[in-house]
Amino acid sequence: MTTIYHNPRCSKSRQTLELLAKHNIQPEIRLYLQDTPSVEEIKTLLTQLAITPLELMRTKESTFKELNLDKDSTDEECIEALHTHPILIERPIVIHNNKAKIGRPPESVLALFE
């Protein structure tokens, strides 16, 4: 099964979804801004992506600064912020066979299907 953490307002997210469709991949679409991932789901996602919580964050979002987060924030602080403020989650994310890729650029997600 394939899942995409999707934000329809994001051009990269839309491009990634279109790219998957061109390759006959029909992912389950998770509108993560409405269906917020739990803390455990975020931890699993971090493992699948093999990145740190800070690397998953959109650090240029105003919410990041409003929460007084920075490069010295703890993993726990970042994970909690990702859970309570999903706008901070980098997007899109495609998950396939227990591995994940961030679709920046969109073509990077194709490595999951090789």
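FYI, it's all coordinate maths here, none of it is from the lab. Just so it is clear, the model here is predicted, and its values are computed rather than measured. So basically every Cβ, Gly included, is an ideal-geometry build from the backbone, and we count neighbours across all protein chains shown.
Taking Lys71 and the conditions (1) within 21 Å of Thr47 (Cβ to Cβ); (2) of a type in the set (Lys, Arg); (3) free of Cβ contacts under 8 Å to residues at least 40 places away in the same chain, which numbered condition does it fall short on, given that it satisfies the others?
Only one criterion in (1) within 21 Å of Thr47 (Cβ to Cβ); (2) of a type in the set (Lys, Arg); (3) free of Cβ contacts under 8 Å to residues at least 40 places away in the same chain is unmet by Lys71, namely (1).
Any residue in region 29-43 that is in contact (Cβ under 8 Å) with a residue 60 or more places away in the chain and assigned to a helix (DSSP H, G or I)?
Taking every residue of region 29-43 in turn, none turns out to be in contact (Cβ under 8 Å) with a residue 60 or more places away in the chain and assigned to a helix (DSSP H, G or I).
Give me a count of the residues in region 43-60 that are farther than 18 Å from Arg104 by Cβ and either touching a strand residue (DSSP E or B) at 6+ places or on another chain (Cβ under 8 Å) or not hydroxyl-bearing (Ser, Thr, Tyr) (or both).
1
Give me the residue from region 39-65 that is surrounded by 13 or more Cβ atoms within 10 Å (Cβ to Cβ) and of a type in the set (Lys, Arg) and, out of that set, nearest to Gly103 (Cα to Cα).
Arg58
Considering only residues that are in contact with a Pro (Cβ under 7 Å, 6 or more places away or on another chain) and buried (at least 16 other Cβ atoms within 10 Å of the Cβ), look in region 66-84 and name the one that is farthest from Thr3 (Cα to Cα).
Cys78
From the set of residues in region 87-109 that are part of a loop (DSSP other than H, G, I, E, B) and polar (S, T, N, Q), which is nearest to the chain's Cα centre (by Cα)?
Within region 87-109, the subset part of a loop (DSSP other than H, G, I, E, B) is 90-92, 97-98, 103-105.
Checking which are polar (S, T, N, Q) leaves us with 97-98.
Working: Asn97: 16, Asn98: 14 Å.
Filtering first and then ranking leaves Asn98.
Which condition does Thr36 not pass, out of (1) closer than 13 Å to Arg91 by Cα; (2) surrounded by 13 or more Cβ atoms within 10 Å (Cβ to Cβ), if it passes all the others?
Result: Thr36 fails condition (1) only.
What are the pairs, 6+ residues apart or on separate chains, where a residue within region 88-114 that is on the phi > 0 side of the Ramachandran plot has its Cβ under 8 Å from a residue that is outside any loop (DSSP other than H, G, I, E, B)?
Asn97/Leu112; Asn98/Gln48
Pull up region 85-112, narrow it to residues that are in contact with a Leu (Cβ under 6 Å, 6 or more places away or on another chain) and within 16 Å of Thr36 (Cβ to Cβ), then point me to the one that is surrounded by the most Cβ atoms within 10 Å (Cβ to Cβ).
Filtering first and then ranking leaves Ile89.
Any idea which of Thr52, Thr63, Thr59 is among the hydroxyl-bearing types (Ser, Thr, Tyr), over 21 Å from Leu112 (Cα atoms) and not in a helix (DSSP H, G or I)? Reasoning before the result, please.
Working: Thr52 fails: over 21 Å from Leu112 (Cα atoms); Thr63 fails: not in a helix (DSSP H, G or I).
When all the criteria are applied, what remains is Thr59.
Checking His85 against (1) more than 28 Å from Leu110 (Cβ to Cβ); (2) touching a residue at least 40 places away in the same chain (Cβ under 8 Å), which single condition isn't satisfied?
Exception for His85: condition (2).
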